[in-house]
Amino acid sequence: MRIMRLVSGAGLNGAVMHCALVTRALIRRGNELTLVCLSESWISGQLEGEGVPIIPSQLRRWPPGELRRLARIARERGVEVIYTHNSGAHVIG
């Protein structure tokens, strides 16, 4: 399955830790993951080098160009599921 995970938390918290752990488990099961997160976030450093494409984003809905960019990336990658963590990511998702 092709899954895109959106995480708006910059630091380490329960939602972000959960995302990192589940992402690794999903990869082990043969899924294709894409992570959208803040460029300097804790999770980007944790999953870097583990075969997960990391898409940096400020996860803002305004201006709408960022929403269009993320939608285009999801379409290009054939994403089947979008999974969000933290309130900012929920709005974008």
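Scan segment 26-72 for residues that are of a type in the set (D, E, K, R) and either closer than 15 Å to Y83 by Cα or in contact with a strand residue (DSSP E or B) (Cβ under 8 Å, 6 or more places away or on another chain) (or both) and jot them down.
Keep residues of segment 26-72 that are of a type in the set (D, E, K, R), which gives 28-29, 32, 40, 48, 50, 60-61, 66, 68-69, 72.
If the condition is that a residue be of a type in the set (D, E, K, R) and either closer than 15 Å to Y83 by Cα or in contact with a strand residue (DSSP E or B) (Cβ under 8 Å, 6 or more places away or on another chain) (or both), then E32, E48 are the ones that fit.
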Flag for V52 being among the aliphatic types (A, V, I, L, M), part of a helix (DSSP H, G or I), open to solvent by less than 40 Å² (accessible area, probe 1.4 Å) and within 18 Å of G93 (Cβ to Cβ): no
Candidate set: segment 72-90, residues that are open to solvent by less than 40 Å² (accessible area, probe 1.4 Å) and outside any strand (DSSP E or B); chosen: the one nearest to R2 (Cα to Cα): V79
Answer from G49, G9, G65, G88 - the residue that is at pLDDT below 90 and at positive phi: G49
Criterion (in contact with an Asp or Glu (Cβ under 8 Å, 6 or more places away or on another chain), at negative phi, without any contact (Cβ under 8 Å) to a residue 40 or more places away in the chain and part of a loop (DSSP other than H, G, I, E, B)) met by exactly one of R24, R60: R60
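The values are calculated or read from the model by the stated rules, or taken from the named source; none is laboratory data. Computed from a prediction, not measured in an experiment: that's the story for all the values here. Please note: Cβ atoms are built from the backbone with ideal geometry, for glycine as well, and neighbour counts cover all protein chains shown. The protein model used for the area step is the full one, side chains on, heavy atoms only, and it has no ligands, DNA or RNA in it. Shrake-Rupley method; radii C 1.70, N 1.55, O 1.52, S 1.80 Å.
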